[in-house]
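The values are calculated or read from the model by the stated rules, or taken from the named source; none is laboratory data. This structure is a prediction, so every number in the text was calculated from the model and none was measured. Every residue, glycine as well, gets a Cβ built from its backbone with ideal geometry; the counts of neighbours run over all protein chains shown. The area values use the complete protein model at the heavy-atom level, side chains included, leaving out ligands, DNA and RNA. Shrake-Rupley method; radii C 1.70, N 1.55, O 1.52, S 1.80 Å.
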Amino acid sequence: MSDATSQMPAAARPKHSLFEPDARTRRRNAAETRFRFFGASAIVVAVLALVILLASVLGSGLGAFRQTFIHIPITLDATALDKGGNRNPEDMKKVTTIGYAKILEQGLKAAIAEKGLTVDPALTAKQIAGLMSQDAAAQLRNQVLADPSLLGQTIEFSALANGRVDGFLKGRVTLESAARDSNISPAQLNLVSEMKDAGLVSLDFNPAFITSGDASEVRPEAAGLGVAILGSAYMMLIVLVLSLPIGVAASIYLEEFAPKNKLTDMIEVNISNLAAVPSIVFGILGLAIFINFMGLPQSAPIVGGLVLTLMTLPTIIIATRAALKAVPPSIRDAALGVGASKMQAIFHHALPLAMPGILTGTIIGLAQALGETAPLLLIGMVAFVRETPGAPPEGFFDPASALPVQVYNFTQRADPAFVERASGAIIVLLVFLVIMNAVAIMLRRRFERRW
Amino acid sequence: MNDMRIVERDVTASSAKMAARGVQVYYGENHALKDVDIDILDKTVTAFIGPSGCGKSTFLRCLNRMNDTVASARVLGSITLENEDIYDKRVDPVTLRAKVGMVFQKPNPFPKSIYDNVAYGPKIHGLTRNKAELDEVVEKSLRKAAIWNEVKDRLDAPGTGLSGGQQQRLCIARAIATSPEVLLMDEPCSALDPIATAQVEELIDELRSQFSVVIVTHSMQQAARVSQRTAFFHLGNLVEYGETGQIFTNPSDPRTESYITGRIG
């Protein structure tokens, strides 16, 4: 007999109009309203934090992509720059940047005179030349060495301006702050204003920020991210190539083939634990194994890549196992039912279905690795590297930097111009992360569309 | 009533295709199946009936060693397919499952095209030499499964986009594409509506001319409609096994009678 016919227990439920909520309903509704409010406020706080972060990074970092240049005609005196007169690059290399600096100085003076600008008589020749970056001479020398036919000609040269001059055009340096600054004087800045009006000085897009290497503490205007970007790219390549196959193979074995016993339980727990191990620990491990024991070079992307691979593996394994677990068992049954072997069932059916999850996990792991700083500090990637590493595979062993380490490096330096550099580097890092996520979404869409 | 007709069908084939002797199944400590002896006849539909948890599905999954995938399952006793012990060490379950196909309770087409669903079995077993042959096998299987006319214009459409009944018939087409000798069906109609059920039942009757079919079902009417022989399981025991007509009209065991008349189960 069903219970439906039995007498309902006589619950004391007073009669109540539907139009008027009773006290209990009101309390429940109030609780729900409160909870919704908390949720909405959490979202608002999160969005605000994100906006503030982006605004501050973009606000202080976008300037790094523009740089002040001094545009002057330079007469490349062949007698001074090529004493042998035979245009032999080996001989021309004997003329150091000091020789080129003199030519730049003369060119700048001539340009100022030609435009008829008033120069404060208190300004020394050295102070006028100091408007240009110390790197400008090296720039000119490289240009001439690359193309000796320029000798004897007069070229339009865009010299990097000094960091303080750059700051003046960007509003960071003012006449008041210059009065207290031993590196620049108000008289110099007045001259810069006149030069700007005359069209000798302007803010231009600065591709060198993305392509060139780091520069020393005293010339922030020349510092770039080229080496760091290349180093990070090399490391990501190594991480992807190593961690994806190893991680996926390990997960498939653990999830599908491994017997369930104490040992595999322990492995499973420890993989989860590894994902939570502080990254600096991996740095120590990499230092001990790859550099001290295996004798790989310091500061090399290969070592960084290996360390980051170790760090990324747990993330990929956990994500892949979760994705494999989420494939409905009926699909495996179906494959086994028509006589597929276990491996065929996995590779033909389970793995393709798990692919979106695996890719998401991999990209998250890569993104983590891209932003990782601490382990790289320990394996020497914090070193000052100016030379661009070579093409792979040899380039994997050349010293390089990494984007997050470069950010850290920039923030350690005294010159305020590096603040802008650091923020600019963060923007580049964020752009890479956005690109990686976009790729992940695209791949996921493509794999999902196939079904 | 037409549905309840119990035809005294002449059981022409009498040779045992599969034979089980003293089969015991344990799931860990749980003794799920106790001492089952049964002969599955060739070109016959055999129905397994019984209340939930009585072991009929478990036994069905023993017949093509799908229980191997359950780590805790242990199978004792012997099951032979044409006098070869399928639990022999030399037997690869993969080749066994090509000979003993299976259709599951819930339609489970691969999330691929209709064509690929059916072509998968022949492909992995290398049954066809070229695309034309494969096309032929796919068409023949879909025709046999009585779904060809509905899908012939959209073989590239995903199999998961079909209706429930169509999906189940697609799964049957997939199972018979490898030309099995025995077809196991685990409650193939439990997720289907009456019309789709009728189509699948009709199909089962046609398939009998080529395979032996073993079907697990909760519906006694279905067992009566489609099968020639019926086995009644109860609490892990095979209570009674015989011709369907005899089981339903004149059961020898009181438990069978109670179940058929609805007093237990």
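Normalised by the number of residues in chain B, the average gap of Cα pairs under 8 Å and 6 or more apart makes the relative contact order 28 percent.
Each other residue within a Cβ distance under 15 Å of A:ASN86 adds +1 if Lys or Arg and -1 if Asp or Glu, for a net charge of +1.
If you wrap the tightest convex hull around every Cα atom of region A:124-207 and split its volume per residue, you get 113 Å³.
Rounded to the nearest 100, the interface formed by chains A and B buries 1600 square angstrom of accessible surface, both chains summed, with a 1.4 Å probe. Excluding the site residues themselves, the longest part of chain B lacking any GluC sites (Glu not before Pro) in a DSSP loop with at most 15 other Cβ atoms within 10 Å is B:83-265. For the set A:ILE52, A:ILE302, A:ILE364, the ranking by accessible area, highest first and with no ligand, DNA or RNA atoms included, is A:ILE52, A:ILE364, A:ILE302 under a 1.4 Å probe.
Between the Cα long axis of helix A:23-61 and the first principal axis of chain A there is an angle of about 20°, rounded to the nearest 10. Between B:VAL103 and B:LEU184, B:MET185, B:ASP186, the built amide H atoms are under 5 Å apart, and every one of these is 5 or more places off in sequence or on another chain.
3J(HN,Hα) along region A:221-229, derived from phi through the Karplus expression 6.51 cos²θ - 1.76 cosθ + 1.60 where θ = phi - 60°, amounts to 5, 9, 6, x, 10, x, 5, 5, 5 Hz, with x in place of Gly and Pro. Of all lysines in the structure, the ones whose alpha carbon falls short of 16 Å from that of A:LYS126, not counting any fewer than 8 places away in one chain, are A:LYS102, A:LYS109. Can you give the extra length, in nm with one decimal, that the chain gains between B:ASP85 and B:ASN149 once fully stretched, where that is 0.36 nm per residue apart less the Cα-Cα distance? Fully extending the segment from B:ASP85 to B:ASN149 adds 19.1 nm.
Summarising the amide proton neighbourhood of B:HIS234: residues at separation of 5 or more, or on other chains, whose placed amide H is nearer than 5 Å comprise B:VAL239. What is the angle, in °, between the Cα long axis of helix A:186-197 and the longest principal axis of the Cα atoms in chain A? Nearest 10 is fine, range 0 to 90. Long axis of A:186-197 versus the principal axis of chain A: about 80 degrees. Can you give the net charge of the other residues whose Cβ lies under 15 Å from the Cβ of A:GLU194, counting K and R as +1 and D and E as -1? Summing Lys/Arg as +1 and Asp/Glu as -1 gives 0. Computed over region A:65-206, relative contact order equals 43 percent, with contacts defined as Cα pairs under 8 Å that lie 6+ residues apart. Note that region A:247-381 carries a Kirkwood radius of 16.3 Å, evaluated over its alpha carbons pair by pair. In the context of the full protein assembly, B:ASP88 retains an accessible surface of approximately 50 Å², using a probe radius of 1.4 Å and ignoring ligands and nucleic acids. Charges were assigned to the Cβ only: +1 to each Lys and Arg, -1 to each Asp and Glu. The resulting dipole of chain A about its Cα centre is roughly 1760 debye. All other residues whose Cβ lies under 11 angstrom from that of B:SER57 are scored, Lys and Arg at +1 and Asp and Glu at -1, for a net of 0. When the P(r) of the protein assembly as shown is calculated, the portion above 32 Å amounts to 69% of the C-alpha pairs.
Taking amide H as placed 1.01 Å from N in the peptide plane, B:LYS17 has its amide H under 5 Å from the amide H of B:ILE40, B:LEU41, B:ASP42, each at least 5 places away in sequence or on another chain. Compactness of chain B was expressed as the Cα radius of gyration divided by 2.2 N^0.38 Å, which yields 0.99. Computed on chain A, with alpha-carbon pairs under 8 angstrom and 6+ residues apart, the relative contact order is 18 percent.
With contributions of -39500 (n - 2.57) from each DSSP H run of at least four residues, the per-residue ellipticity at 222 nm computed over the protein assembly as shown stands at -15500 deg cm²/dmol.
So what's the angle, to the nearest 10 degrees on a 0 to 90 scale, between helix A:262-275 and the longest Cα principal axis of chain A? Relative to chain A, helix A:262-275 is tipped by roughly 40 degrees. Note on region A:82-145 and region A:170-212: Cα centroid distance 18 Å, given to the nearest whole angstrom. The mean accessible area for residues of region A:65-206, using a 1.4 Å probe and ignoring ligands and nucleic acids, is 50 Å² per residue.
Here's the list of lysines a cross-link from B:LYS17 could span, going by alpha-carbon distance under 17 Å and ignoring same-chain residues fewer than 8 apart: B:LYS43, B:LYS99. Bridging of B:LYS112 to lysines at a Cα separation below 20 Å is possible for A:LYS325, A:LYS342, B:LYS123, B:LYS131, B:LYS140, B:LYS152, once same-chain residues fewer than 8 apart are set aside. Solvent-accessible area assigned to carbon and sulfur over the protein assembly as shown amounts to 59 percent, based on a 1.4 Å probe.
Taken one residue at a time, the phi angles of region B:241-258 give Karplus couplings (6.51, -1.76, 1.60, θ = phi - 60°) of 9, x, 5, 4, x, 5, 4, 7, 9, 9, x, 8, 9, x, 5, 4, 4, 4 Hz. Gly and Pro are set to x.
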